[in-house]
Amino acid sequence: MQYFTGFLGGTRLLVPEEGACILYVSTVNYEAAKEYVRDIEIEPIRIGDDVNDKVASQVKRLGLRIIGLDRIDASAYLKLKEVMKDANIKPANKLVSSLRKVKDEEEQRRIGKASKLTSLGMKRAVEAIKAGMKERELASEIEYAMRRNGSDGTAFDTIVVSGVRSAFPHGGCGDREIADGDLVVIDIGAKCQGYCSDLTRTIVVGETSSKQEDLHKIVLSAQDKAMRQIKSGVKACIVDAKARDLIKKRGYGEYFVHSLGHGVGLEVHELPTLSPKSEEYLEGGNVVTVEPGIYIPGFGGIRIEDTVLVEKDGYEKLTEVPYSLQA
């Protein structure tokens, strides 16, 4: 709904093949909708109203026979199916998500701003991290820095995982105290006017070991090799393969347990996906992450990630933070 209307507080949006779109808004957001929404009909949902009944009534009035639904919860789907008995309801989430793959100039500007704020957050992490600090303490320093400089919030729950927990790619952050010699994976993202960014660095407090340094070099080389493939017209799975093959040749293929990257926009995970099975081709205006990683249970993990804009003949890196392993 935000993609089509620019407004965050809608309840339903009906997009007929012809005529004006209709945005259904609860009365608590109605005045704000009138302020921000243009060229769209706004229908208030008052206390006691059933939005699904209102949508069904409009569908009947317009004589619509085929209705495509973007993602919606099961209870709402069942209610709509019940009240729109004569309509053929189909999933339309792929239609909407495919429209969002290529970002226009305004979307690129917002993601670029979010990326700058995210980079500031990571720079604060490098400044603040120290032995004895809890993971969640470092997360709070990062989030405060991003918010203070203009972020509307976080694009996802901040990840700070240390020591053996750094082998958990999505380990969140907890009460574990960071110790000298720990690998610390920091995965963060700011939001700007609804748009996200995504950035990961891995750092060590104190002295690094030769194994940590070797793994870090492998992951950084894998990211560099993948990025060199990025440009409009390249198949996404080829970009993934460049990083994956390098890590595999160095003996750590089984420890690279996720896709190389994903699209970024209003959500932090969008199309296109950089994965071994992806059939998509990159297009100018795609914004994607490039994030190879190695995660060894009982030892720790390393991930390096940047958000990049795909261009006709290459890419522009939107997140800018040094890759140094040592804090």
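The values are calculated or read from the model by the stated rules, or taken from the named source; none is laboratory data. If you're wondering where the values come from, they're calculated on a predicted model, not measured in any experiment. We place every Cβ from the backbone using ideal geometry, glycine too, and count neighbours over all the protein chains shown.
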Return the only residue of ASP157, ASP175, ASP198 being in the same structural domain as LEU271 (by TED's automatic domain parsing), of a type in the set (Asp, Glu) and surrounded by 24 or more Cβ atoms within 10 Å (Cβ to Cβ).
-> ASP198
Those residues of segment 146-159 which are of a type outside the set (Ser, Thr, Tyr) and under 14 Å from CYS192 (Cα atoms), in sequence order | MET146, ARG147, ARG148, ASN149, GLY150, ASP152, GLY153, ALA155, PHE156
Scan (1) closer than 24 Å to ALA243 by Cα; (2) part of a strand (DSSP E or B) for the single condition LYS191 breaks and write down its number.
-> (1)
For residues in segment 103-149 being under 22 Å from GLU267 (Cα atoms) and outside any helix (DSSP H, G or I), which is nearest to the chain's Cα centre (by Cα)?
-> LYS103
At pLDDT below 95 and either over 26 Å from SER210 (Cβ atoms) or under 22 Å from the mean Cα position of the chain (by Cα) (or both), is that true of SER166?
-> no
Options ILE111, ILE67; residue that is β-branched (Val, Ile, Thr), surrounded by 15 or more Cβ atoms within 10 Å (Cβ to Cβ) and either in contact with a Pro (Cβ under 9 Å, 6 or more places away or on another chain) or not assigned by TED's automatic domain parsing to the domain that holds ARG201 (or both) = ILE67
Note: among LYS317, LYS312, just one is touching an Asp or Glu at 6+ places or on another chain (Cβ under 6 Å) and over 19 Å from VAL126 (Cα atoms), namely LYS317
Of the residues that make up segment 288-309, is at least one of a type in the set (D, E, K, R), touching a residue at least 60 places away in the same chain (Cβ under 8 Å) and surrounded by fewer than 19 Cβ atoms within 10 Å (Cβ to Cβ)?
-> no
Filter segment 91-134 down to residues that are modelled with pLDDT under 95 and among the hydroxyl-bearing types (Ser, Thr, Tyr) and give me whichever is nearest to GLU280 (Cα to Cα).
-> SER98
